Amino acid sequence: MTAQTDLIPAPRSVADPEGGAVRIGPGTTLWAAPGTGTTERWLRSTLGPALGLPLPPGPQDGPDRLRLQLDGTLAPEAYRLTAAIGRGVEIRGGSAAGVFLGAQTLRQLLGPDSFRRAPVRPGAGLEIPSRIIEDAPRFRWRGLMLDVARHFMPKDGVLRYLDLMAAHKLNVLHLHLTDDQGWRIEIKRHPRLTEVGSWRARSKFGHRASPLWEEKPHGGHYTQDDIREIVAYAAERHISVVPEIDVPGHSQAAVAAYPELGNTDVVDTAALTVWDNWGISPNVLAPTDNTLRFYEGVFEELLELFPADAAQFSAFVHIGGDECPKGQWRESPTAQSRIKELGLADEDELQSWFIGHFDRWLAARGRRLIGWDEILEGGLARGAAVSSWRGYEGGIAAARAGHDVVMCPEQQVYLDHRQDAGSDEPVPIGYVRTLEDVYRFEPVPPELTGERARHVLGTQANLWSEVMEDQGRVDYQAFPRLAALAEVAWSALPAPAERDFGDFERRMEAHYRRLDALGVAYRPPAGPRPWQRRPGVLGRPIDGPPPNK
């Protein structure tokens, strides 16, 4: 019979064939087949300490054991978890990733204490109901974009978010590493990118219309060994890290570090500093051979730090490509000469040429370019993919042209947008996007069917950090809505209007206790706690409902 659970994301099939419960305790042993080492290590390093379980090696069979096994009959990320009286618990996965995802389900079945870092009830035995859970994801790409450029997130914070992603069966971390307000990754051949570009003298507090400033330097960057650690930590959790280096716009931090990268014939780039305000800077990269060679050097180091075989989507490199003001190019004799030399029609085609250069450069090295939907303008190499952020239209156009798509429309899954219309929301930004709104988001628009629909790799939530100055603010904006996005990305849900949000809310009651155990400063259902508010700090509310497309 079908059994009710409080699992998030919801599994495809849950059965309780016999009733009763399976005990997990200090005597439980762990048997791990070849190829399941990432889950074996995770169980002993994370789940075991949380519950005080040593999980020593034991025999393959027996009544008191946890068994990990690969199963070629299952799809790569699919798993089957069986908890049977007298036989213990078995997790079978179609790949190492499938086994690991099954272990995340086991953790939820064991209760909120399993999400802690040390036992709060030492020596206590645990029981989980007998179950057969068969599960597989709807989408391959289940992601989160963290903007660490506007407000730097220290390495430990990134590692923490990788753990939070794993707990929700998310598998792509899109790391936004550069922007006008900061450069966050060490490039050894260009040390000024971090010496100069990784910090700014002050920061706007609130939206750019706010009169408030935080008058202290803000900065930070990841060393190359930090990046290697992040990538390795993610790979152990079967998460791909997709780096973003933004070109040719959103580049003032790079120009402040190396003024020759800017349009020196129209701007005194030597006087520029890392931008201290929010919005879109007019200071963009010059379309010169020097700029191309400079960024080729950046990407050469980047490819070494983000190896293509680290995880499922590790071949992707994000190059931004969005929101590039053309004013300086219109005034620049150098840019106008390049337009004429290349036989281009205008500055828009010049941006397409710039993106196309790195599209071909990455493809020649076995990598796949991905960028925001503006990169569609001018054509792309066959392997390039598109992050559709301005609505569904860019994703629809990309899929129809044969390109893979990650659906992340601003109107639905920008989690920096406010969660309620109430006046006590901290620094309200954008559209109101409630937990239910995110739960009813559908990544595949009706215009895409058949083979074109299969170009939708999946979806991701985006967290832009202009008004998220610390971990608590990031948590508040991300949760609980990221749990809803995780279910949209993973579970085989019906059409949006038919989704049972009431059941999701019921399961969230248990999930809030898991988030509490993890120390997540989520937005409570009743609204922000007093210390989560930011009275008097201006946001950017947008009146009216968001457009669907």
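The values are calculated or read from the model by the stated rules, or taken from the named source; none is laboratory data. Everything numeric in this text was worked out from a predicted model, so none of it was measured. Neighbour counts are summed over all protein chains in view; Cβ atoms, including those assigned to glycine, are modelled from backbone coordinates with ideal geometry.
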Report task. Would you be able to say whether some residue in the stretch 79-90 is on the phi > 0 side of the Ramachandran plot and in a strand (DSSP E or B)? Result -> yes
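Could you say whether any residue in the stretch 250-260 is of a type in the set (Val, Ile, Thr) and either under 27 Å from the mean Cα position of the chain (by Cα) or crowded, with 20+ Cβ neighbours inside 10 Å (or both)?
Keep residues of the stretch 250-260 that are of a type in the set (Val, Ile, Thr), which gives 255.
Filter once more, keeping what is either under 27 Å from the mean Cα position of the chain (by Cα) or crowded, with 20+ Cβ neighbours inside 10 Å (or both): 255.
Yes - at least one qualifying residue is present in the stretch 250-260.
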**Report entry** Evaluation of Ala97 against (1) assigned to a loop (DSSP other than H, G, I, E, B); (2) over 24 Å from Asp16 (Cβ atoms) (one fails), failing number
**Finding:** (1)
Query raised in the report: Of the numbered conditions (1) farther than 28 Å from Asp180 by Cβ; (2) in a helix (DSSP H, G or I), Glu442 satisfies every one except a single condition; which is it?
Result: (2)
Query raised in the report: Out of all the residues in the stretch 262-270, is one or more crowded, with 21+ Cβ neighbours inside 10 Å, of a type outside the set (D, E, K, R), in a helix (DSSP H, G or I) and touching a residue at least 12 places away in the same chain (Cβ under 8 Å)?
Result: no
Report task. May I ask you to list the residues in the stretch 333-378 that are touching a helix residue (DSSP H, G or I) at 6+ places or on another chain (Cβ under 9 Å) and hydroxyl-bearing (Ser, Thr, Tyr)? Result -> Ser352
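Across the stretch 272-319, which residue is nearest to Gln351 (Cα to Cα) among those that are of a type in the set (Gly, Ala, Ser) and touching a helix residue (DSSP H, G or I) at 6+ places or on another chain (Cβ under 7 Å)?
So the residue we want is Ala286.
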Report task. Would you check which residues across the stretch 367-403 are among the hydroxyl-bearing types (Ser, Thr, Tyr), in contact (Cβ under 8 Å) with a residue 60 or more places away in the chain and more than 15 Å from Ile319 (Cβ to Cβ) and list them? Result -> Tyr392
Report summary line: Out of (1) in the same structural domain as Phe100 (by TED's automatic domain parsing); (2) within 16 Å of the chain's Cα centre (by Cα), the one Glu127 does not meet is (2)
Query - Residue selected from the stretch 45-63 under the condition surrounded by 17 or more Cβ atoms within 10 Å (Cβ to Cβ) and on the phi < 0 side of the Ramachandran plot, by the criterion farthest from the chain's Cα centre (by Cα) - result: Gly58
Requested in this report: Collect the residues in the stretch 505-529 that are assigned to a loop (DSSP other than H, G, I, E, B), closer than 21 Å to Leu159 by Cα and touching a residue at least 24 places away in the same chain (Cβ under 8 Å), keeping them in residue-number order.
Outcome: Val520, Ala521, Tyr522
Query raised in the report: Just one of the numbered conditions (1) of a type in the set (Gly, Ala, Ser); (2) part of a loop (DSSP other than H, G, I, E, B); (3) within 30 Å of Leu515 (Cβ to Cβ) is not true of Gly249; which one?
Result: (3)
Report summary line: Note on Glu127: of the conditions (1) crowded, with 16+ Cβ neighbours inside 10 Å; (2) in a strand (DSSP E or B), unmet is (1)
Query raised in the report: With respect to the numbered conditions (1) closer than 30 Å to Ala96 by Cβ; (2) in contact (Cβ under 8 Å) with a residue 24 or more places away in the chain, which one is the sole condition not fulfilled by Asp309?
Result: (2)
Query - From Ala103, Ala75, residue being under 26 Å from the mean Cα position of the chain (by Cα) and not in a helix (DSSP H, G or I) - result: Ala75
Report task. Can you tell me which residue within the stretch 421-461, out of those that are polar (S, T, N, Q) and within 19 Å of Pro480 (Cβ to Cβ), is surrounded by the fewest Cβ atoms within 10 Å (Cβ to Cβ)? Result -> Thr434
Query raised in the report: For residues in the stretch 29-48 being touching a strand residue (DSSP E or B) at 6+ places or on another chain (Cβ under 6 Å) and touching a residue at least 40 places away in the same chain (Cβ under 8 Å), which is nearest to Phe504 (Cα to Cα)?
Result: Thr39
